1. Averaging the inverse of every distinct alpha carbon separation and then flipping it gives the Kirkwood radius. What is it for segment 15-83, in angstrom units?
2. Given a 1.4 Å probe and heavy atoms of the protein chains only, how would you sort VAL99, VAL111, VAL12, largest accessible area at the top?
3. For SER70 and GLN13, what does the FRET efficiency come to when R0 = 30 Å and r is the distance between their Cβ atoms, rounded to the nearest 0.05?
4. Sort SER28, SER21 by accessible area with a 1.4 Å probe, largest first.
5. So which lysines can LYS86 reach, going by Cα to Cα under 19 Å and dropping same-chain residues fewer than 8 places off?
6. Please calculate how many Å² of accessible area the chain carries per residue, with a 1.4 Å probe and no DNA, RNA or ligand atoms counted.
7. If you filter segment 23-115 for trypsin sites (Lys or Arg not before Pro), then keep DSSP loop positions with at most 11 other Cβ within 10 Å, what is left?
8. What Rg and what Dmax come out for segment 1-46 when only alpha-carbon atoms are used, in angstroms?
Amino acid sequence: QVQLVESGGGLVQSGGSLRLSCAVSGTSFSIYTMGWYRQAPGKQREMVAIITSGYRTNYADSVKGRFTISRDNAKNTVYLQMNNLKPEDTAVYYCNRYVTPFDLWGQGTQVTVSS
């Protein structure tokens with residue numbers, strides 16, 4: 001059974017930084033394109049960043065130049081380095097496989113950015 005465990009969220013002031021981690025187990029992690037998603041209150045879940053098995057990356061326009069996605073296949077972990085955070089980045093952040101997500105999402109990690 002696939003498990004996704006996100007961590008690293010917290011409360012930070014505008015302009016601050018956080019590094020999120022997502023540990024993946026129960027699947028062949030290294031072959032998949034993985035993504036970070038976020039869901040703010042009252043809004044739909046949106047893709048934030050993706051990283052392919054070949055380490056190519058892509059980002060939502062709203063986070064380009066501020067967020068960096070990376071992965072460590074030896075640790076089955078995907079990361080999201082978030083710099084220059086803004087109040088509009090406040091959301092619960094999740095990771096999952098891109099395009100065809102695993103059925104069971106993790107609990108997510110809350111990121112709150114104060115102005």
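1. One over the average 1/r among Cα pairs gives 12.6 Å for segment 15-83.
2. Result of the area sort, largest leading: VAL99, VAL12, VAL111.
3. Rounded to the nearest 0.05, the efficiency is 0.80.
4. SER28, SER21
5. Hits, sequence-local ones excluded: LYS43, LYS64.
6. 52 Å²
7. LYS43, ARG56, LYS64
8. Both quantities, over Cα of segment 1-46: 13.5, 38 Å.
The values are calculated or read from the model by the stated rules, or taken from the named source; none is laboratory data. For clarity, every value in this text was computed on a predicted model and none was experimentally measured. Heads up, the Cβs are rebuilt from the backbone with ideal geometry, glycines too, and the neighbour counts pull from every protein chain shown. SASA here: full protein model, heavy atoms, side chains in, ligands and nucleic acids out. Shrake-Rupley method; radii C 1.70, N 1.55, O 1.52, S 1.80 Å.
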